[in-house]
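Values in this text are rule-based calculations from the coordinates and carry no lab data. These numbers come from a predicted model, not from an experiment. Quick reminder, even Gly has a Cβ in these numbers, built from the backbone with ideal geometry, and neighbours come from all protein chains shown.
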Amino acid sequence: MTALIDMAAQQLRDTWQAKVLATATHELGAVATAIIAHEWPVAMPFLLRVVFGKSDLEPPFLIGYATINKAGIVCCEMKRRDGMRCIAGIYRSEIAMRDDFRKLADRLKLSDADRVALFGVLKKWVTCDLRIDHHGDKRLH
């Protein structure tokens, strides 16, 4: 039975999700954790256990989905260490976030399919862009 559990844990460690969680730090790590947790909430405790040896997140961590504000800053609600919640500016721009994830994908040598999956989940996580006006045009600052 132990061999089966070890094998399953290793298969989970070999997924792009586990590789991203294990490698990403700072803002990139916070966003990576949030996007994976929102896309696969049932699998997240198992991923956390095989990557970090624990099944729960400790604050600070991001909650919910992201918004791009009128100034172009990627924002998300965050639970702070003291348990309070606030809105945090995570990335100065959508482009900065995209570039950080591209560099991470390059560093991990993710396959094309894994890159598509990663960026698809990232795109779903940003649910509102306040730079887009009522005509559907993006205001750039």
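Are any residues in segment 37-75 within 30 Å of ASP133 (Cβ to Cβ) and assigned to a strand (DSSP E or B), and if so, which ones? If the condition is that a residue be within 30 Å of ASP133 (Cβ to Cβ) and assigned to a strand (DSSP E or B), then LEU62, ILE63, GLY64, TYR65, ALA66, THR67, ILE68, VAL74, CYS75 are the ones that fit. Taking every residue in segment 85-108 that is more than 17 Å from LEU62 (Cα to Cα) and free of Cβ contacts under 8 Å to residues at least 40 places away in the same chain and pairing it with any residue that is assigned to a helix (DSSP H, G or I) and of a type in the set (A, V, I, L, M, F, W, C), at least 6 positions away or on another chain, the pairs with Cβ-Cβ distances below 7 Å are ALA105/LEU118.
Determine whether MET78 is outside any loop (DSSP other than H, G, I, E, B), hydrophobic (A, V, I, L, M, F, W, C), buried (at least 17 other Cβ atoms within 10 Å of the Cβ) and in contact with a Pro (Cβ under 7 Å, 6 or more places away or on another chain). Against the criterion (outside any loop (DSSP other than H, G, I, E, B), hydrophobic (A, V, I, L, M, F, W, C), buried (at least 17 other Cβ atoms within 10 Å of the Cβ) and in contact with a Pro (Cβ under 7 Å, 6 or more places away or on another chain)), MET78 qualifies. Being in contact with a helix residue (DSSP H, G or I) (Cβ under 7 Å, 6 or more places away or on another chain) and either basic (Lys, Arg) or surrounded by fewer than 19 Cβ atoms within 10 Å (Cβ to Cβ) (or both) is a description that does not apply to SER93.
Among the residues of segment 61-84, those that are in contact (Cβ under 8 Å) with a residue 12 or more places away in the chain, out of contact with any Gly (no Cβ under 6 Å at 6 or more places or on another chain) and among the hydrophobic types (A, V, I, L, M, F, W, C) comprise PHE61, LEU62, ILE63, ALA66, ILE68, ALA71, VAL74, CYS76, MET78.
Looking at TYR91, TYR65, just one residue is touching a Phe, Trp or Tyr at 6+ places or on another chain (Cβ under 6 Å) and within 25 Å of GLN17 (Cβ to Cβ), and that residue is TYR65.
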